[in-house]
Amino acid sequence: MLSKQNITTLKGVGEKRAALFEKIGAPTVGALLRLYPRAYENWQVSDSISEAPVGEVCTVCARVLNRPTEHRIRKGMTLYKVTVTDDESDLLLTFFNNRFVQNLLLPGETYLFRGRMNGSLLRKEMTSPEFLPQGKAAQLIPVYPQTEGLTSRQIASAVQNALLLLPDPLHDPLPDTIRQQYELCHLRFAMWNIHRPPDESALAVARRRLIFEELLVLQLGLWRLKSREKAENTCPLEKDYTVEFEKLLPYTLTGAQKRAIREAVADMRGDHPMNRLVQGDVGSGKTAVAAALCYTVVKNGRQAALMAPTEILAAQHFESLSKMYAGTGVRVALLTGSLTPAKRRKLLEELESGEIDLAVGTHALITDTVRFRNLSLVVTDEQHRFGVEQRTALAEKGEHAHMLVMSATPIPRTLALMIYGDLDLSILDERPPGRQPIASYRIDSSKRQRAYGYIRRHIEEGRQGYIICPLVEESESDMASVMEYTRRLREEVFPDLRIGMLHGKMKPKEKDAVMTAFAAGELDLLVSTTVVEVGVDVPNAVIMLIENAERYGLSQLHQLRGRIGRGKYPSTCIFLSDARGEEANERLKIMCSTDDGFKIADEDLRLRGPGDFFGSRQHGLPQLRIANMADDIEVLRQAQACAKALLAEDPELSAAEHRGLRAEVRQLFEQAENLRG
Ligand code: ADP
Ligand code: MG
């Protein structure tokens, strides 16, 4: 087994070098083979010398005309110059302090030269190009993730030796049937061609197969996790009370809200605990969905919990739920870190005895001392702020409790499937009716005074507004800083208005106090960093001015803008930016042309790639080696279809031809555990 074979068994790898291989994640020969190049240097001859574009990295094929000449320009600095030709034009090469070129570049011989093309159209030059003798050069040279003391070339040569050790015949974890159905090459071909591709098309074939395999294993693993959680449903709902709940509301639910509720109720009445993600754009009414489900659970004689990422959000949920449940006998409590010890003790008792039906709170809900009598439903709001472990920790306070996760970050569906592959998905893709659209504009700073005038008019009519700026202190001179900015507004621009300030360096208590005052209408204007983005609901706030709008990602701008347009008044969002770049222009244009969060998410993914969606790897997935969530969506679809069919046929992957896959699944998730722990 190559996966067990120590890297030191390779020729040229001693103990010292083995430590370096271990550092880059290849302690064994098998692991080394799965260490794929992160790029390929293209040594395909790109152009003739005359056509090679100046300023770009090119590869040209040329014959050496003369022996390199030596030029001592000052002490310790010697240049070597040599002219090469492709029989159409000449190219002048210069090397610094590299006397070996005199031995390596032989007059009359032909080489490939790769480097940045300089000079003019008439007289082309390259400085210190890399070169390989013609004929000896592979066209695509793999570039490995090197580390200090271990170069990409050294890794490549170890890989070459490892490839020679591949057993014959080589067992392929992908069964023949799957390879045929999805037109995938054999593992042996993939291994050779990912590491030593003769050309682009062989590389593409190898890549597609390895991406497929990786995504298939990931999907199999996620679905198996899900099916493990699909133990038995220990708290099936007997009755559905959601219709009764709807009558409590001053409005009718949207079709999307009804659908999400129906799907969740069906889960909770089924044979397995629910594990569902509700993805809804800002303002799509996720709270009502959660409220309907909590109500149903409570009416069935059980307890529910709703966890929000901040105290203010928890308080807001507590208030809106209490209002909705008025007169129904449902007992709701708010549990946050700021309770007095006495109140907290009382509340914990009531939770444990079952006198409280629904606990709304922050992560204070997760602490050990919190116990429930029969917790059956756990709802987590704005889940991307919580880790996977946190939501599970709360659910474990019940016995196979149902789990509902609500996310206000619209992400493309495929990406959602990948990240939340362990969850079923409901999408709220419909806005409640009667919502006033938000008008969005982009201006530059020459119009700032006019924007202030516009804000003032609305505040004089009794409305409120937000101004978002990026920094807390004045550290970068060109950017508005919250403190300095607020001071200027208070003293110079709006001395007569009540202005609050909010930023991430404030204590949670202070933040909550400001936010509460704003929500209560005691402040006219809130100057804030992005901390305000989490789902606070102040329907009277109708204006938002975002300074340096080019600094934010589209999804973040969308979240920010979602703070307005929540009431019966028309709202306006103003993006202020002096950025001239094409990308900034395009991004702000998108923001002004649509307020569909899913569309914006697609564009964001296209413009920035998936890395930024959740900041770091908060989602707790194993790291992918080769697949890329933005580019490989088509292969992902195929891998998902394949995983589904496979598990339907052989849920435990116990058939002989599936054992290879089963081992890979286990390995992938062990690795993820290790990374996390
Ligand atoms: P989010 O999905 O961003 O959490 P909320 O649950 O805060 O959205 O709802 C936003 C606003 O829309 C709230 O003021 C809520 O009362 C209102 N709302 C929710 N559903 C409906 C509906 N079906 N019809 C009218 N208003 C609704
Ligand atoms: Mg919300």
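The values are calculated or read from the model by the stated rules, or taken from the named source; none is laboratory data. The model shown is predicted, which means the values in this text are computed figures rather than measured ones. Don't worry about glycine lacking a Cβ; one is built from the backbone with ideal geometry, like all the others, and counts go over all protein chains shown. Surface areas here come from the heavy atoms of the whole protein model, side chains and all, with no ligands, DNA or RNA. Shrake-Rupley method; radii C 1.70, N 1.55, O 1.52, S 1.80 Å.
Out of all DSSP beta bridges with both ends in the chain, state the antiparallel percent to the nearest 5. The antiparallel fraction comes to roughly 40 percent.
Ranked from largest, the principal axis spans of the Cα set of region 514-582 equal 41, 24, 19 Å.
Check each of the GluC sites (Glu not before Pro) in region 484-558 and keep only those in coil by DSSP with at most 14 other C-beta atoms within 10 angstrom; list them in order.
Details: sites: Glu484, Glu491, Glu492, Glu510, Glu522, Glu533, Glu547, Glu550; in loops: Glu522, Glu547.
Loop-located and lightly packed - Glu522.
Remark: region 12-17, residue by residue, has Karplus-estimated 3J(HN,Hα) of x, 10, x, 4, 4, 5 Hz, where x stands for each Gly or Pro and the curve is 6.51 cos²θ - 1.76 cosθ + 1.60 at θ = phi - 60°.
Ranked by the mean number of other Cβ atoms within 10 Å of their residues, highest first, the peptides 147-160, 561-574 fall in the order 561-574, 147-160. Length available on full extension from Gln160 to Asn118: 0.36 nm per residue minus the Cα-Cα distance, which gives 11.7 nm. Its residues counted as N, region 44-137 yields a C-alpha radius of gyration over 2.2 N^0.38 Å of 1.01. Seen from Ser445, the other residues with C-beta closer than 10 Å to its C-beta sum to a net charge of -1, counting Lys and Arg as +1 and Asp and Glu as -1.
Taking other residues whose beta carbon is less than 14 angstrom from the beta carbon of Met1, and scoring Lys, Arg as +1 and Asp, Glu as -1, yields +2.
R0 = 56 Å: FRET efficiency of Glu88 with Thr9, Cβ-based, nearest 0.05?
With R0 = 56 Å, the Cβ-Cβ based efficiency is 0.65.
Between Leu132 and Ala266, the simple label model (points 7 Å from Cα in the Cβ direction) yields a spacing of 5.6 nm. Other residues whose C-beta falls under 11 angstrom from the C-beta of Thr252 contribute a net charge of +1, scoring Lys and Arg +1 and Asp and Glu -1. Per residue, the solvent-accessible area of region 91-132 (1.4 Å probe, heavy atoms of protein chains only, all protein chains present) comes to 55 Å². Overall, the chain carries a charge dipole of about 900 debye about its Cα centre when +1 sits on the Cβ of Lys and Arg and -1 on the Cβ of Asp and Glu, all other atoms neutral. With all protein chains in place and a 1.4 Å probe, the accessible surface of region 44-137 carries 48 percent carbon and sulfur. For region 438-594, the Cα gyration tensor yields ellipsoid semi-axes of 22, 18, 16 Å (square root of five times each eigenvalue, largest first, whole Å). Once Rg and the Kirkwood radius are both taken over the C-alpha atoms of the chain, their ratio Rg/Rh works out to 1.05. Database remark: amide H of Thr59 closer than 5 angstrom to the amide H of Ser46, Asp47 (H placed geometrically; neighbours at sequence offset of 5 or more, or on other chains; Pro and chain starts carry no H). The GluC sites (Glu not before Pro) of region 424-471 meeting both criteria, a DSSP state outside H, G, I, E and B (loop) and at most 10 other C-beta atoms within 10 angstrom of the site's C-beta, are Glu461. Note that region 438-594 presents 44 Å² accessible area per residue, ligands and nucleic acids not counted, probe 1.4 Å. Using 18 Å as the Cα-Cα cut-off, could you pick out the over-long pairs in Lys239/Lys323; Lys239/Lys299; Lys247/Lys568; Lys323/Lys509? Checking Cα-Cα distances, Lys239/Lys323; Lys247/Lys568; Lys323/Lys509 exceed 18 Å. Qualifying chymotrypsin sites (Phe, Trp or Tyr not before Pro) in region 234-336, where qualification requires a DSSP coil assignment and no more than 13 other C-beta atoms within 10 Å, comprise Tyr251. Annotation: average projected area of region 51-200 is 13.1 square nanometres, based on the convex hull of Cα atoms across all directions. Mean residue ellipticity at 222 nm, helices only, the chain: -11500 deg cm²/dmol; runs of at least 4 DSSP H residues each add -39,500 (n - 2.57), and the sum is divided by the number of residues.
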